[in-house]
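Here the structure comes first, spelled out in structure tokens, and everything after it is commentary.
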Amino acid sequence: MAYTSSLHLSKHLLLPKPNRARPSSSRSPSFVRAARVVDGAPHVNGHSKKAHNGKVQINGAGADGKKGAINGHGVVNGKTHVNGHDRIHLSVTTGGGGQDGTGLRVAYQGAPGAYSEFAAKTALPGCETVPCRAFADALAAVDRGLVDRAILPVESTMEGTALRNYDLLLRHDLVVAQEINLFVHYCLLAMPGVRATEVRRVISHPMALAHCGRALARLGVDREPVEDTAGAVEMLRSNMMLDTAAIASPRAADLYGLDVLAHGLQDESWNVTRFLLLSKPPSPVAVPVDADAKTSMVVAHRGGSMAVVLKVLSAFSSRNINMSKLEVINNEAGVGEPRPPVMILDTGARGAPTLRAFPHVLYVDCEGAADDPLVREAIKEIEKFAVFVRVLGCYAADTNVYDLQ
Ligand SMILES: O=C(O)C(=O)C[C@]1(C(=O)O)C=C[C@@H](O)C=C1
């Protein structure tokens, strides 16, 4: 049987902790933190709103997504909000997310205007972004030393872990240097003058189509996946497609001069994607002394029972180490429709790094630095019963969620 189960996370994605003071950067005024948390509830524009069912409200978009909506279609500032979410307006202007990116080249999948590009610019203000046809090309560009970093989306609040991107990451001798969480606000874009009623087909990245499934069903349009959201917009523009719309960011609309037919197309109002910035080892970024560290690893085991999951949990919990992600992958051969085993580059292998196949794998993120004595002990304990452990990186935990303005 092939299955994945995920106990991950996203406490961090959903409920970011109060932020340590970071210097704001004037270099990237277009990115803001989307939510700050005080007392465990996200604050947007200084308002903390918790719905009666414990879900978070943003700018009045209720947990049922219906506030301000007429037949599920809200209209705010004259724009249609298909899923009833108000467009999120933020007044928190704390600047870019991370380190100075001046002089750094960051590869991303897609055309200019893709969410990955925004995430890279937020994480490394001032960096030069390098578009690539596919994520594999972006990672290969780091491998070959053509760029300094690649950016890879690895999970989203709506879809969980992006397994295909993890597969890619594990095949390379790269380390996680930084993380960044981006609020993903989807718009429906069309050629200037095209009306919503004229749209027969919607094109976008498969993840964007999945995140907007309910809205697209309501619109009753055909869906076609393409490589990335901004690529879809570029395609509309260059082919002058008048019966087709694209799902992409409001920034992509500005960049390519398209009309925004609707905002807030995502099925869930709280739609956050987590990206990792990857570099060649050793990581060029030291975790600042005043920052919380996070360590990501992959653990391969013999399978046969879920007891190993409990052992991993116990290795961390017995040392009071918090885990922020645990993804369980079991790809057994011969039953049902198996997924192929996970291929992991064994970077510690004698001689050249070797690709090894593992059907039973766990993806783990924990709080703490890889060289913290307790984290080291936990990993040593796991190594006793695991077949293979590879630390993917140790980096500063960034619990902020950033938004495009
Ligand atoms: O197509 C883009 O714009 C991307 O950056 C890729 C991607 C993804 O692969 O998840 C990134 C964020 C959004 O969730 C949608 C698509």
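What follows draws every value from the coordinates through simple rules; no lab data is involved. All figures in this text were calculated on a predicted structure; none of them were measured in a lab. Counting neighbours? That spans all protein chains shown, and the Cβs are built from the backbone with ideal geometry, glycine included.
Summary of values
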item: Highest average packing first - 174-182, 104-112, 291-299, Cβ atoms within 10 Å; result: 174-182, 104-112, 291-299
item: Segment Lys384-Thr354, extension gain: residue separation times 0.36 nm, minus the distance between their alpha carbons; result: 8.7 nm
item: Anchor Lys311: aspartates and glutamates whose Cα lies under 13 Å away (excluding residues fewer than 8 positions away in-chain); result: Glu381, Glu383
item: Computed lengthening from Asp100 to Lys311, 0.36 nm per intervening residue step minus Cα-Cα distance; result: 72.0 nm
item: Peptides ranked, highest mean first, by Cβ atoms within 10 Å: ranges 208-217, 238-247; result: 208-217, 238-247
item: Equivalent ellipsoid semi-axes - Cα gyration tensor, segment 236-357, angstrom; result: 39, 23, 20
item: Computed Rg/Rh of segment 142-197, alpha carbon atoms with Kirkwood Rh; result: 1.15
item: Sequence-distant aspartates and glutamates (8 or more away, or on other chains) whose Cα lies within less than 20 Å of Lys280; result: Asp100, Glu117, Glu128, Asp137, Asp143, Asp148, Asp167, Asp173, Glu179, Asp346, Asp365, Asp371
